[in-house]
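In what follows, a single structure is set out as structure tokens and then discussed.
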Amino acid sequence: MCLSAFFTVLIFGVLWFANPVIGYRVCITSDGTVLYDAPAETDTIEVDFRHSVNKGKIREIYQIDRKRCQLALKTGYFENYGAGMLDTVPEDIGFRYEDSYLVLDFPLRYQDSFTYRAGPEAGHTILYGTDVLPIYKTIPMKSFNILVVAEHLH
């Protein structure tokens, strides 16, 4: 029994080494369908939308960590800060004002993916490199995920 477990681990190890990571990709998926797939060539991805309650514009910048295949919310730009928002800014979040926006600098807490619900009123739009993706038009009223995946040789 122990010998078969050893061979199983050995086979998986050989398969892993035979299928090395050759790159990383940024993907947007919804219900198991890939809506967007591009090489992970820049360090950030942006989500722009309008807040559902106070109707102010919000721009969220996510930091990409290719090696871990994870993202972290890095910075949020808020056109206004009122109804439907946090009452106070926690101590571990930096804040400043820039070009009439309240800017929150978040501590980097990496996750495997981030999920949004694409609403036509919110107008969720993804910006990655030079690509502009109006997700709210592609899949109105559906959830979507943003993630980083490893690209293997095979």
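Any read-out appearing in this document is the output of simple, stated calculations on the displayed coordinates, not a laboratory observation. Everything numeric here is computed off the predicted structure, so don't read it as measured data. Quick reminder, even Gly has a Cβ in these numbers, built from the backbone with ideal geometry, and neighbours come from all protein chains shown.
Using only side-chain charges placed at the Cβ, +1 for Lys and Arg and -1 for Asp and Glu, the dipole size of region 49-154 relative to its Cα centre rounds to 340 debye. Residues of region 27-57 falling in the label zone of Glu151, defined by backbone nitrogen less than 18 Å from a point 7 Å along Cα to beta-carbon, are 27-29, 34-45. This ranking places His124, His51 by how few other beta-carbon atoms lie within 10 Å of each, fewest first, which gives His51, His124. Label positions at Phe95 and Asn54, each projected 7 Å from the Cα along the C-beta direction, are separated by 0.9 nm. As a proxy for reagent exposure, ranking Val103, Val47, Val89 by other Cβ atoms within 10 Å from fewest up yields Val89, Val103, Val47.
For the cross-link pairs Lys57/Lys142; Lys74/Lys137; Lys67/Lys142, the ones whose C-alpha atoms lie over 23 Å apart are Lys74/Lys137; Lys67/Lys142. Farthest towards the positive end of the charge dipole of region 86-154, among the residues Gly123, His152, Thr138, is the Cα of Thr138, using unit charges on the Cβ of Lys, Arg, Asp and Glu. If you take all other residues with their beta carbon under 10 Å from the beta carbon of Phe144, and give Lys and Arg +1 and Asp and Glu -1, the sum is +1.
Using the number of other C-beta atoms within 10 angstrom as an exposure proxy, rank Thr130, Thr115 with the fewest first. Each step should come with its number before you reach the end.
Numbers: Thr130 6, Thr115 12.
Listed from fewest to most nearby Cβ atoms, that is Thr130, Thr115.
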